[in-house]
Amino acid sequence: MKKLSLVGRVVVLASTVAMVVVLVVATALVAILSLRRAEARESRAKDVTAATLRVENIAFDLQSSLRGYVLSGDQHFITLFNDAQTTMPVALGRLTTLVADDQEQLRRARATDGLLRAYVADYAQPVIKIRRLSPYAALSPASLDEDRRRANEIRGTLGTILAVEQQRSVARSKHSREVARAAVIVGSVALALSAGLVLLFGAWVARGVAAPVRRASSAAAQVAAGDFDVRLDESGAGEVGELLSAFNSMTRALELGRRELLEQNERLRESEQHKRDLISMVSHEIRTPLASVVGFTSLLLEREFPPDEQRRYLEIVDQQARRLASLAGDFLDVQLLEGGGFSFDYAPFDLVELANEQARLFFSHSSAHTIDVDLPSDPVVVNADRDRIAQVIGNLLSNAIKYSPSGGNVRLLLTANDGGAELSVEDEGMGIPAADRARIFEKFFRGADAASAIGGTGLGLAVAREIVMSHGGGIEVDSEPGRGSRFTVRLPRVSTPVSA
Ligand code: ADP
């Protein structure tokens, strides 16, 4: 699952806290409204109680003033009776209005109204009239019983109204207390929840931001100390994850850069070593022929020698001078090889003739070696740079002699087919170990066995391969260490015969 970004996390937290706050406020509002309603109901219940008590007082006033008049005949009681009778409709009206929304209580209020009016009209007023006529008749036990019965009935109804109202008032205040308690509980839980959420968010931020940032800072210290291998776990909230992955990319790039620098350094070291080897090789290769040339020339200049001895010395000088010239030629070729500046004079010529010429040149002096030349009788024409191809054949023949120090047979073989000409030089010399075979065409490479015993620059085969490949041909080697080697050169052929 994709990790939430920091902004996402803040939005989630803010919305959750906002929801909790809304919940708290809504609960508080419900509680306040409920308490208000309870208060309103309580005050209404108080009003109903007061109105009921007022009606009860009037009923009591009616009854007591009637009794007072019946017993004493005092007109003052009639005045009190009339006052009570006057205030009665107002008190009854108020009670009826107050309980108008409650059918049961309204029914009781109306019943009280009826009972009181009946008490006044059907009992009290006839009794007053009878008292005026006969005091004793008004005081009869039957009349008094009737008075008690009616008064009790009125008090009973009013008592019921009071009791019901009180009961309701108790139930309502209990309900509002419960609502208030529930509101307090919900509010406290919600507040605790939001506090918990804020704490959780702190932990979330610490885990998602602080911890990775701490890891990044200690990794940065490692990088500063040169350890570019350090990698960070890229998990983390959106932006943090991106930062960690950018950090890893940076260390990877630094590591790569360092590796490249080390490799470059190694190459420079190798090239420095190479240069030193080259200088020592060149000076060694030049010193020997040069010493011969200088030595024999001074000898010839200082003393008179018989003609044939003089000629022998001069031949040595000539041979060594040629060797120096060939070395200079090799170095020049290598320079051309590196600069890609080889240029060839292409012209068709007979390879059979060239091979013969080279064989005669190389084997006229060597008495330790025998040569087998196996060439076709017909000309094999190639379109190539004759001097350069001569250089290639010469190099192969010179190597065959050079690397067969104990002598042996050298075979020069030329075959031709429609595709091209194939020229091989075989010897019975020291051979080339398999590990060296792949490298002998590299410039300056010298086989360990060869280098330890025989002089050379490691350039001949590199130049030969460059020449052959530039002519669209190829060169390969086959060898058995201790038994000899065979070098094969293939060149493309032209069918036109060379005019004599
Ligand atoms: P150089 O002969 O001056 O060393 P080359 O480029 O001609 O340079 O030869 C490269 C290496 O190949 C030699 O040093 C030698 O190890 C090996 N090599 C070439 N020709 C022969 C051969 N005929 N027999 C054995 N080893 C050979």
Checklist entry - Right, Ala26: touching a Lys or Arg at 6+ places or on another chain (Cβ under 7 Å) and more than 30 Å from Leu115 (Cα to Cα) or not? => result no
Checklist entry - What tally of residues in segment 13-38 results from selecting those that are among the charged types (D, E, K, R) and in contact (Cβ under 8 Å) with a residue 60 or more places away in the chain? => result 1
Item to check | Matching entry among Glu480, Glu442, Glu426, Glu422 (being free of Cβ contacts under 8 Å to residues at least 40 places away in the same chain and among the charged types (D, E, K, R)) | outcome: Glu442
Item to check | Of all residues making up segment 70-88, the number that are surrounded by fewer than 14 Cβ atoms within 10 Å (Cβ to Cβ) and in a helix (DSSP H, G or I) | outcome: 7
Item to check | Set Ala163, Ala190: member being of a type in the set (A, V, I, L, M) and either exposed (fewer than 14 other Cβ atoms within 10 Å of the Cβ) or within 30 Å of Glu239 (Cβ to Cβ) (or both) | outcome: Ala163
Checklist outcome for this item: If you go through Gly473, Gly460, the only one that is closer than 25 Å to His369 by Cβ and not aliphatic (A, V, I, L, M) is Gly460
Item to check | Ala220 being outside the structural domain of Val30 (by TED's automatic domain parsing) and either closer than 19 Å to Val12 by Cβ or surrounded by 13 or more Cβ atoms within 10 Å (Cβ to Cβ) (or both) | outcome: yes
Next on the checklist: Show the residue pairs meeting these rules: Cβ distance below 6 Å; 6+ apart or different chains; first residue within segment 56-76 and free of Cβ contacts under 8 Å to residues at least 24 places away in the same chain and in the same structural domain as Arg150 (by TED's automatic domain parsing); second residue in a helix (DSSP H, G or I) and not small (Gly, Ala, Ser).
Outcome noted: Ser65/Phe77; Ser65/Leu80; Ser65/Phe81; Gly68/Phe77
Checklist entry - Which of (1) assigned to a helix (DSSP H, G or I); (2) within 22 Å of Val10 (Cα to Cα) is the odd one out, the single condition Gly236 does not satisfy? => result (1)
Next on the checklist: Quick check on my filter: what residues within segment 151-200 are acidic (Asp, Glu) and in contact (Cβ under 8 Å) with a residue 60 or more places away in the chain?
Outcome noted: Glu165
Checklist entry - Can you name the residue in segment 297-316 that is more than 23 Å from Ser364 (Cβ to Cβ) and free of Cβ contacts under 8 Å to residues at least 12 places away in the same chain and, of all such residues, is most open to solvent (accessible area, probe 1.4 Å)? => result Glu304
Checklist outcome for this item: Within segment 223-245, residues being open to solvent by 60 Å² or more (accessible area, probe 1.4 Å) and free of Cβ contacts under 8 Å to residues at least 12 places away in the same chain number 3
Checklist entry - Are any residues in segment 328-356 open to solvent by less than 70 Å² (accessible area, probe 1.4 Å) and within 18 Å of Leu413 (Cα to Cα), and if so, which ones? => result Phe349, Asp350, Leu351, Val352, Leu354, Ala355, Asn356
Next on the checklist: If Val10 satisfies all but one of (1) in contact (Cβ under 8 Å) with a residue 12 or more places away in the chain; (2) open to solvent by 50 Å² or more (accessible area, probe 1.4 Å), what's the number of the condition it fails?
Outcome noted: (1)
Checklist entry - Is it the case that some residue within segment 262-276 is at pLDDT 90 or above, closer than 30 Å to Val392 by Cα and either in contact with a strand residue (DSSP E or B) (Cβ under 6 Å, 6 or more places away or on another chain) or among the hydroxyl-bearing types (Ser, Thr, Tyr) (or both)? => result no
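Okay, residues lined up against (1) among the hydrophobic types (A, V, I, L, M, F, W, C); (2) farther than 25 Å from Glu315 by Cβ:
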residue	(1), (2)
His369	no, no
Val381	yes, yes
Gly408	no, no
Leu414	yes, yes
Leu423	yes, yes
Asp449	no, yes
Gly460	no, no
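The values are calculated or read from the model by the stated rules, or taken from the named source; none is laboratory data. These figures come from a predicted structure and were not determined experimentally. All Cβ positions, even for glycine, are placed from backbone atoms using ideal geometry, and neighbour counts span all protein chains on display. Areas reflect the complete protein model, heavy atoms only, side chains present, ligands, DNA and RNA absent. Shrake-Rupley method; radii C 1.70, N 1.55, O 1.52, S 1.80 Å.
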